[in-house]
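Report on one structure; see the data block that follows.
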């Protein structure tokens, strides 16, 4: 309970950083829009050429499916890591006492693009291997694969902050993230759970209020159903961006304190020392 309470305090500190630099929301916004655009562009040719039915007509579609899946993962991860690098880079400027801009974050991401591509390649490979195994095992095996995937996500959680802060390649960044994870795993897991719980609660409140309101207004006048529904959807979209931004800020602060002993003035020393007390 003490660790959870402290993680909520760190979540509030992350929100303070976001209030100082609301433009940080631009990074998850661009990431989300890019992912949607890429998915549509890659899916369109498949639909044009017959989609799933065309694949089933091939003698051995497996190679095409996995190679296509790898390319999709590679592009997707590159885009996501690119904008996350910009977010973390801008956050670290704020934690260092600066006043970052979106351009600052984008410049950092551009400079780190080779390492980002390397990390995306590793992540895409791991993702495809886990997916291939999952398709060939039973329910118990899928649970094991899910746990392996969760472990990979946790151990690589600080890879982007490492890439931003150091002139290292993707493999070295993953290794250092795993090393830091051994010291910060409790706060990392609980802190992300705190952000996830806060996001879930906001989604739940919005659903509990918004959906009945849409139904009520629609029953009075159907003309308002579509604009009300769009407004609710925009609200969900904004909350998703908020959650992504807070996670990026949190990872930057976590890494900064784990490596320097100081997370910036927004995160007080007592809070961080409790978070990283020796086990």
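The values are calculated or read from the model by the stated rules, or taken from the named source; none is laboratory data. Predicted model, so just to flag it, every value in this text is computed and none were measured. Heads up, the Cβs are rebuilt from the backbone with ideal geometry, glycines too, and the neighbour counts pull from every protein chain shown.
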Going by the structure shown, is residue 55 modelled with pLDDT under 65 and more than 30 Å from residue 253 (Cα to Cα)? yes
Give the number of residues within the stretch 80-104 that are touching a residue at least 60 places away in the same chain (Cβ under 8 Å), within 23 Å of residue 37 (Cα to Cα) and surrounded by fewer than 20 Cβ atoms within 10 Å (Cβ to Cβ). 1
Of (1) buried (at least 20 other Cβ atoms within 10 Å of the Cβ); (2) at pLDDT 95 or above, residue 124 satisfies all except one. Which? (2)
